[in-house]
Amino acid sequence: MKTTVVGAGVVGLACAYELSELGHDVTVVDAGAVGAQASAGNAGWITPFLSTPRAAPGAVRDAFASFTSREGPARMQPHLEPGFAAWILSFLRASSRKRNAAGTAALQEFSRGALDHFDALLDRGVSFDQYTDGLGVVFKQERNLEHYEQLAGRMRSLGYQGGLSVYRGDDVRAFEPALHRDIAGVLHLETERHVRPETLTQGLAKSLVANGGTVVEHDRVTTIRRDSNRGWLVATESGRDLRSDQVVVAAAYPTRELLRPLGIKVPLEAAKGTSMTAFGTGVAPTHPLKLYENMVACSPFGNSVRLSGTFDIGVRNHELNHKRLATVIRQGLSYLDNWRPTDVEVKWVGHRPTTVDDLPVIGPADGQDGLYVATGHGTLGVTLGPITGALAAREIAQGAPCKELEPFRLNRF
Ligand SMILES: Cc1cc2nc3c(=O)[nH]c(=O)nc-3n(C[C@H](O)[C@H](O)[C@H](O)COP(=O)(O)OP(=O)(O)OC[C@H]3O[C@@H](n4cnc5c(N)ncnc54)[C@H](O)[C@@H]3O)c2cc1C
């Protein structure tokens with residue numbers, strides 16, 4: 001079976017690799033380099049605990065408040081087109097208590113298998129840098145820690161099984177010496193992990209090629225349409241015509257435009273984030289840390305540390321916003337005692353593909369035999385990329401619906 005995958009981010013590559021494992025002849029095509037968009041400079045956390053939708057009660061209020069503040073973690077850039085207004089309204093509707101509870105339950109259920117799928121990749125020789133130090137959620141204010149302890153109880157009731165520890169007072173720096181003396185406490189999610197995300201996409205691409213697959217870089221897909229003979233034709237800017245029996249569209253936010261001519265609506269918006277990765281001086285953190293009050297992520301990768309953040313809905317440009325990044329760095333460093341960046345390795349921006357209910361879209365396109373969509377993983381593409389790839393590939397290869405993917409079907413919109 002010949003399959004074309006559009007998009008070489010973590011989601012597209014995981015689908016492509018898993019399909020190649022099942023014997024498909026796979027070509028992945030990307031407008032840029034492998035894994036260079038959202039899947040590059042992110043925090044790299046594999047975090048079942050934090051697998052909850054951003055469409056939540058209070059989310060829009062917070063975004064509007066943040067919109068008026070110069071330093072808030074979330075922002076919104078309104079657009080005049082009707083699709084944007086509809087997206088915001090749908091996001092508002094999906095933020096109700098009831099729908100958020102349903103989305104949280106679905107994501108918790110789905111993410112339960114996430115870690116096993118990373119193990120399965122490593123077992124089959126896919127190479128990437130993975131760290132198993134858990135994830136610390138760090139609080140400056142005691143009341144926020146208390147709120148999180150309640151949240152942990154709720155996650156337990158939804159079946160979260162990972163180990164949890166809480167540190168307060170002197171125990172905070174015994175747990176993580178890099179933290180500032182004023183930190184009120186840390187909730188350690190002991191069994192979460194993180195990866196250096198660039199190594200994950202490179203590892204998947206390498207294993208795909210080793211399985212006989214092909215990766216085409218720097219060639220934007222312009223059209224996806226039915227082939228006159230049979231199957232599908234994916235046409236690219238350079239004039240390539242890729243013919244295949246199946247197409248998987250995993251092009252993140254641009255999936256929306258690619259599928260519109262086929263009459264398929266995928267309500268995606270870009271949520272821009274930014275990061276800096278640097279070597280530094282002082283005591284570097286050894287655990288990945290969610291710096292709670294400022295929503296900044298801190299991820300150590302061997303000798304370097306990455307600080308990432310911002311969730312700017314509707315900001316679709318690819319320019320680095322130096323002020324926004326400087327805020328992320330300053331706020332991130334306020335949680336650390338004396339680690340300071342010296343040599344910057346990379347500054348980055350990327351766009352989280354975000355649906356109106358902040359749940360992914362995974363499944364066949366109704367009435368379009370052989371066309372499959374896998375995108376919209378929002379803040380969770382690393383966590384859920386490998387499990388998405390494995391289940392989607394099984395579904396595509398076997399043609400039988402996979403019940404774990406039911407909450408994420410395209411026809412829910
Ligand atoms: C600051 C930040 C921190 C994050 N931290 C985490 C984290 O800790 N854990 C986690 O799980 N997730 C995290 N995320 C989210 C995660 O990065 C994304 O969910 C994930 O990378 C999305 O992967 P993707 O493959 O869907 O998209 P992408 O990586 O964007 O891949 C899509 C690919 O499609 C290609 N493409 C688009 N249009 C076309 C076209 N017309 N033709 C050909 N190719 C095309 C693009 O070039 C791109 O390479 C973070 C995101 C940000 C911004």
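Coordinate-derived values only; no laboratory data. Everything numeric in this text was worked out from a predicted model, so none of it was measured. Heads up, the Cβs are rebuilt from the backbone with ideal geometry, glycines too, and the neighbour counts pull from every protein chain shown.
Things to note:
- 3J(HN,Hα) from dihedral phi, the range 118-130, Karplus parametrisation 6.51/-1.76/1.60, rounded to Hz, x for glycine, proline: 5, 4, 5, 5, 4, 4, 8, x, 6, 9, 7, 8, 10
- Full-extension gain in nm, Cys402 to Gln141, via 0.36 nm per residue minus C-alpha separation: 89.7 nm
- The C-alpha radius of gyration of the range 162-278, expressed as a fraction of 2.2 N^0.38 Å, stands at 1.69.
- His79 versus Thr286: modelled label distance in nm, points set 7 Å from Cα along the beta carbon direction: 4.6 nm
- Put in order of Cβ neighbour count within 10 Å, fewest first, the listed residues Met295, Met155, Met1 become Met1, Met295, Met155.
- Projected-area average for the range 1-84 over all orientations - Cα convex hull basis, square nanometres: 9.0 nm²
- The fewest-to-most ranking of Cys298, Cys402, Cys15 by surrounding Cβ atoms within 10 Å reads Cys402, Cys298, Cys15.
- Ranked for footprinting exposure by Cβ neighbours inside 10 Å, fewest first, Leu22, Leu80, Leu189, Leu92 give Leu80, Leu92, Leu22, Leu189.
- For a straight C-alpha distance cut-off of 17 angstrom, the lysines reachable from Lys323 (same-chain residues fewer than eight places away being disregarded) are Lys272, Lys347.
- Largest-first principal axis extents of the Cα set of the chain (Å): 69, 44, 42
- Protection proxy ranking of 168-175, 334-341, 197-204, by the mean of other Cβ atoms within 10 Å over each peptide's residues and highest first, is 197-204, 334-341, 168-175.
- Of the residues Thr222, Thr277, Thr354, the one that moves most in a GNM of the chain with alpha-carbon contacts below 10 Å is Thr222.
- Evaluated with a Cβ-only charge set (Lys, Arg +1; Asp, Glu -1), the chain carries a dipole of roughly 1080 debye about its Cα centre, given to the nearest 20.
- Overall size of the range 55-130 from C-alpha positions, given as principal axis extents largest first: 48, 30, 25 Å.
- Within the listed set Asp369, Asp25, Asp358, the Gaussian network model of the chain (springs between alpha-carbon atoms below 10 Å) gives the highest mean-square fluctuation for Asp369.
- Other residues within the sphere of radius under 12 Å centred on the Cβ of Thr132, judged by their own Cβ, net out at -4 (K and R +1, D and E -1).
- Counted charge near Gly231, where neighbours are those whose Cβ lies closer than 13 Å (Asp, Glu -1; Lys, Arg +1): 0
- Computed over the chain: relative contact order in percent, which uses C-alpha pairs under 8 Å that are six or more apart: 26 percent
- Expected-Rg normalisation [2.2 N^0.38 Å, Cα atoms] applied to the range 155-219: 1.85
- Percent of alpha-carbon pairs separated by more than 16 Å within the range 217-279: 56 percent
- For the chain, with +1 on Lys and Arg beta carbons and -1 on Asp and Glu, the positive-most of Ala393, Gly203, Gly32 along the dipole: Gly32
- Listed by chain and number, the lysines placed with their C-alpha closer than 26 angstrom to that of Lys265 are Lys2, Lys98, Lys403; residues fewer than eight positions away on the same chain are left out.
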